[in-house]
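Engineer: Provided herewith is a single structure, encoded as structure tokens, for subsequent inquiry.
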Amino acid sequence: MAACVNKSSSSSSSNTATASPSVDRSCSNSPSTNSSKKAAHSNSHLQLRKEEGGENTSILEEPPQLSPVDKSREHSRGSSPLRNSLHNTNPQSMETCFSSFDRDGDGFLNYAEFVVLCRALFRNERDKPYPVEPKRLRDMFDTFDINKDGLIDINEFELCWQKWIRKIVRPVCCLVVVDVQNDFISGSLAISNCPAKHNGEEVVEPINRLLDTVEFDCVYYTLDWHPDNHVSFYDNIHLRKLHGSSSVKTGEEASLFDTVVFEGPPVMEQKLWPRHCVQNTWGAKIHENIKIVEGSPFIYKGTNPEVDSYSAFFDNYKLSKTALDTELMNKGVTDVFVCGIAYDVCVGKTALHAIELGYRTIIVDDGCRGITLEDIVNTKQEVEDGWGAVVQSDEVKPMVQGRDRRPQLGYKLAMELRKQIKRIEEENHI
Ligand SMILES: [Ca+2]
Ligand SMILES: [Ca+2]
Ligand SMILES: [Zn+2]
């Protein structure tokens with residue numbers, strides 16, 4: 001488990017935190033952004049597109065449809081050129097898509113044409129369009145109108161196609177199963193004793209059902225994995241000095257679940273939990289009924305005695321980072337689905353870090369159980385505020401298959417691309 005904890009410096013951790021790894025590398029290495037800028041000024045190229053577009057519009061009586069793409073090898077794919085284009089990696093499919101939505105055939109997508117595209121893109125599994133706020137549509141349009149001339153040309157569309165549409169239609173999906181360990185279910189920190197009185201064992205059925213029925217591209221299991229002398233254990237309070245700012249002044253005064261401030265360094269707030277998930281004990285084991293997908297990695301967190309770690313990505317003070325982000329980045333993961341225990345602690349912090357790192361993030365609500373109802377509500381709200389989604393387990397499959405395409409997740413990806421474009425532009429100006 002030591003190998004899973006990357007002791008990176010705090011400065012490199014925070015760099016990573018502000019970057020957008022899932023699309024960053026591919027975007028900054030991609031010729032598309034640079035070529036977009038150059039070619040936006042190429043009149044002969046635009047002229048060519050105008051002629052091609054003109055020919056195509058006459059056959060487009062109906063609004064073009066972006067087809068649902070079923071990754072589970074569904075055979076009936078229909079014959080629409082647009083539908084085919086989404087399955088095709090050759091450059092022609094992009095041009096087919098572009099000209100299908102360029103309804104007036106002028107070689108550009110104007111805002112109204114882009115709105116039609118979004119209506120085709122953001123649909124539920126029954127092919128019904130999701131409503132999208134005009135402000136969000138405008139933000140997304142502005143993201144892809146890189147030269148700000150109020151139109152998306154074919155070169156700007158290349159970025160839109162490669163980095164946005166294709167990823168929305170064919171997301172790379174990871175399920176992160178957070179801390180479904182004995183101590184949180186029936187052991188020393190059983191959440192059934194906490195205010196929400198949740199039964200942690202209830203996450204087993206929906207999680208196993210997801211694992212049995214949904215083709216995730218990868219699955220990760222996280223484990224709270226503490227050494228004996230861990231800072232979060234109430235009975236270890238005498239091992240460390242309390243800071244002057246701590247409202248609890250002495251170890252004797254402290255009660256279970258109090259929040260104290262330790263002197264450090266660094267000075268850090270810490271909630272005092274009962275001793276739990278001690279490495280290599282029964283309490284730290286994953287619940288015996290949870291299905292373990294063969295070859296799926298375990299991510300161990302909270303291994304440093306001096307700092308607690310709720311999230312599967314970073315410890316609570318971002319002093320270190322686990323291998324999870326790098327692994328997801330290497331796999332090209334776009335969408336992170338999170339479930340497990342405890343909803344308002346480790347699940348929530350994992351989801352919020354995934355959002356911060358640039359992933360489209362989805363909490364599987366019925367695959368989570370938590371500590372307090374109020375904090376669970378707040379967790380959901382924070383995830384939704386970050387353009388993540390909170391869904392039920394039976395909604396997951398069509399999302400993973402790219403048949404249910406949520407606007408807030410598309411918006412999130414567009415905003416990540418916008419940050420990257422801005423960064424590349426700034427670098428080019430320097
Ligand atoms: Ca047009
Ligand atoms: Ca433009
Ligand atoms: Zn812990």
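The values are calculated or read from the model by the stated rules, or taken from the named source; none is laboratory data. Since the model is a prediction, treat every value here as computed from it, not as a measurement. Every residue, glycine as well, gets a Cβ built from its backbone with ideal geometry; the counts of neighbours run over all protein chains shown.
Engineer: Output the residues belonging to the range 217-253 that are over 15 Å from M268 (Cβ atoms) and either part of a strand (DSSP E or B) or among the hydrophobic types (A, V, I, L, M, F, W, C) (or both).
Structural biologist: Restricting attention to the range 217-253, the residues satisfying the condition of being over 15 Å from M268 (Cβ atoms) are 217-229, 234-235, 238, 249-253.
Scanning the range 217-253 gives C218, V219, Y220, Y221, T222, L223, D224, W225, H226.
Engineer: Go through the residues of the range 308-317 one by one and say whether even a single one is outside any strand (DSSP E or B) and either touching a His at 6+ places or on another chain (Cβ under 6 Å) or not assigned by TED's automatic domain parsing to the domain that holds Q279 (or both). Can you show your working first?
Structural biologist: First pass over the range 308-317, keeping only residues outside any strand (DSSP E or B): 308-313, 315-317.
With either touching a His at 6+ places or on another chain (Cβ under 6 Å) or not assigned by TED's automatic domain parsing to the domain that holds Q279 (or both) added as a condition, the list becomes 311, 313.
Yes: the range 308-317 contains one or more residues that are outside any strand (DSSP E or B) and either touching a His at 6+ places or on another chain (Cβ under 6 Å) or not assigned by TED's automatic domain parsing to the domain that holds Q279 (or both).
Engineer: OK, next. Can you tell me which residue in the range 205-251 is nearest to D394 (Cα to Cα), limited to those that are free of Cβ contacts under 8 Å to residues at least 40 places away in the same chain and of a type in the set (S, T, N, Q)?
Structural biologist: Of everything passing the filter in the range 205-251, N236 is nearest to D394 (Cα to Cα).
Engineer: Can you work out which of the residues in the range 206-226 that are of a type in the set (S, T, Y) and buried (at least 18 other Cβ atoms within 10 Å of the Cβ) is nearest to ligand 2 (Cβ to nearest atom)? Give the steps one after another, and end with the answer.
Structural biologist: Kept after step one, since they are of a type in the set (S, T, Y), are these residues of the range 206-226: 213, 220-222.
Cutting the leftovers down to buried (at least 18 other Cβ atoms within 10 Å of the Cβ) gives us 220-222.
Details: Y220: 39, Y221: 45, T222: 43 Å.
Residue satisfying both the conditions and the ranking: Y220.
Engineer: Related question: Could you check the range 291-321 and list, in sequence order, the residues that are crowded, with 20+ Cβ neighbours inside 10 Å and away from ligand 3 (no atom under 14 Å from the Cβ)?
Structural biologist: Keep residues of the range 291-321 that are crowded, with 20+ Cβ neighbours inside 10 Å, which gives 299-303, 307-315, 321.
Answer for the range 291-321, where residues must be crowded, with 20+ Cβ neighbours inside 10 Å and away from ligand 3 (no atom under 14 Å from the Cβ): F313, F314, K321.
Engineer: Next question, about the same structure. Any residue at all in the range 355-377 that is under 23 Å from F257 (Cβ atoms), of a type in the set (S, T, Y) and modelled with pLDDT of 95 or more?
Structural biologist: yes
Engineer: Considering only residues that are of a type in the set (D, E) and touching a Leu at 6+ places or on another chain (Cβ under 8 Å), look in the range 310-357 and name the one that is farthest from ligand 1 (Cβ to nearest atom).
Structural biologist: D325
Engineer: Tally time: how many residues in the range 254-271 are aliphatic (A, V, I, L, M), in a loop (DSSP other than H, G, I, E, B) and either in contact with a Leu (Cβ under 8 Å, 6 or more places away or on another chain) or more than 24 Å from L319 (Cβ to Cβ) (or both)? Let's see the steps before the verdict.
Structural biologist: First, pick out the residues of the range 254-271 that are aliphatic (A, V, I, L, M): 254, 256, 260-261, 267-268.
Right, trim to in a loop (DSSP other than H, G, I, E, B) and you get 254, 256, 267.
Right, trim to either in contact with a Leu (Cβ under 8 Å, 6 or more places away or on another chain) or more than 24 Å from L319 (Cβ to Cβ) (or both) and you get 254, 256.
Summing the residues that are aliphatic (A, V, I, L, M), in a loop (DSSP other than H, G, I, E, B) and either in contact with a Leu (Cβ under 8 Å, 6 or more places away or on another chain) or more than 24 Å from L319 (Cβ to Cβ) (or both) in the range 254-271 gives 2.
Engineer: Could you figure out which of (1) in contact (Cβ under 8 Å) with a residue 60 or more places away in the chain; (2) among the hydroxyl-bearing types (S, T, Y); (3) within 14 Å of ligand 2 (Cβ to nearest atom) isn't true of Y130?
Structural biologist: With respect to (1) in contact (Cβ under 8 Å) with a residue 60 or more places away in the chain; (2) among the hydroxyl-bearing types (S, T, Y); (3) within 14 Å of ligand 2 (Cβ to nearest atom), Y130 is out only on (3).
Engineer: Is it the case that the range 227-246 has a residue that's surrounded by fewer than 21 Cβ atoms within 10 Å (Cβ to Cβ), modelled with pLDDT of 95 or more, touching a Phe, Trp or Tyr at 6+ places or on another chain (Cβ under 8 Å) and of a type in the set (F, W, Y)?
Structural biologist: So far as the range 227-246 goes, yes, one or more of its residues are surrounded by fewer than 21 Cβ atoms within 10 Å (Cβ to Cβ), modelled with pLDDT of 95 or more, touching a Phe, Trp or Tyr at 6+ places or on another chain (Cβ under 8 Å) and of a type in the set (F, W, Y).
Engineer: Which residue pairs have Cβ atoms under 8 Å apart, sit 6 or more places apart or on different chains, and have a first residue in the range 158-181 that is free of Cβ contacts under 8 Å to residues at least 40 places away in the same chain and a second that is in a helix (DSSP H, G or I)?
Structural biologist: So the pair list comes out as C160/F144.
Engineer: Something else now. If you check V203 against the conditions, is it modelled with pLDDT of 95 or more, more than 16 Å from ligand 1 (Cβ to nearest atom), in the same structural domain as Y300 (by TED's automatic domain parsing) and surrounded by 13 or more Cβ atoms within 10 Å (Cβ to Cβ)? Let's see the steps before the verdict.
Structural biologist: On the way: modelled with pLDDT of 95 or more: yes; more than 16 Å from ligand 1 (Cβ to nearest atom): yes; in the same structural domain as Y300 (by TED's automatic domain parsing): yes; surrounded by 13 or more Cβ atoms within 10 Å (Cβ to Cβ): yes.
Yes: the conditions hold for V203.
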